[in-house]
Amino acid sequence: MEFIGAVAAALPLLFRRKGLRKREFYYYLDLCGVQSLPITLLISFLMGCVLGIQSALQLTKFGAEIFTADLVGFAVLKEFGPLMVAIILTGRAGSAFAAELGTMKVNEEISALETMGIRPVGYLVLPKLVAMLIAMPLLTVFGDIAGIFGGMAIGVTVMKLPVAAYWARTISVLDSTTMLLGVLKGVFFAILITVAGCYYGFRSTSDAQGVGRSATQAVVTSIFYVIVADALLTVLYSFIGY
């Protein structure tokens, strides 16, 4: 809670001139967004294929193959899309944040910032947080699209459904609100991953083993909090009819 308060106290720096280090921001945006896009598309597509196969095994018993579009669409947009992107970015970005800050602590760079009168939280955390808040929702949208096409690939090839019929069913049952609610999950996940990664980076001990432990703790803690947040948001969405 103390670290979350420190991050919140540093947020006004974003509204100051040169409050956000643009060079570092673009670097983390590339790390979290562009470099994570290929693996996100691949994993989301394969997840859609898995959901499509499992749907085919059950729905063909009742002659309801067309409802594969419903199952895959809602499952990807509401749950698996944001969740898979969050897990990918936890492994790529969350661990990198912790290892980077842990290494800076070993080299006493954080102490040097404090000596110069620079608040390390605002200086080091804000570029990572803003980059994640932009990259996570965008990757979630791309992951959702890839997952839907994965389900369509199984529906068309395995279940012999016409492409036009599958796509028309997907469009008719899904709406923009469903996607927006899934993207909103990504915003919360981005905050949790960034805060956990930076928190354990700052807490790292000043040795090589400490850096490794901090990266491991950041990944484990981020995944745990992401799943808890996903469960809470899913319950909240059910109360409003989604």
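Values quoted throughout were computed directly from the atomic coordinates according to the rules given, and no laboratory measurement underlies them. Fair warning: this is a prediction, and the values are worked out from it, not measured in the lab. When we count neighbours, we look across all protein chains shown, and the Cβ atoms used for this are built from the backbone with ideal geometry, even at glycine.
For the chain, the relative contact order works out to 33 percent when only alpha carbon pairs closer than 8 Å and six or more residues apart are counted. The modelled label-to-label distance between Q35 and F224, using points 7 Å beyond Cα along the C-beta direction, is 2.7 nm.
Straight Cα distances below 20 angstrom link K18 to the lysines K128, with same-chain residues fewer than 8 positions distant left out. Straight Cα distances below 17 angstrom link K185 to the lysines K78, with same-chain residues fewer than 8 positions distant left out. Across all directions, the shadow cast by the convex hull of the chain built on its C-alpha atoms averages 14.8 square nanometres.
Ranked for footprinting exposure by Cβ neighbours inside 10 Å, fewest first, C49, C32, C198 give C49, C198, C32. Which helices of the chain meet both criteria: a Cα extent of 27 Å or more along the helical axis and a mean Kyte-Doolittle score no lower than -1.0, with helices taken as whole DSSP H segments? Long hydrophobic helices here: 37-59, 126-157, 176-202, 208-239. Each of I43, I148 was scored by other Cβ atoms within 10 Å of its Cβ. Arranged with the fewest first, they read I43, I148.
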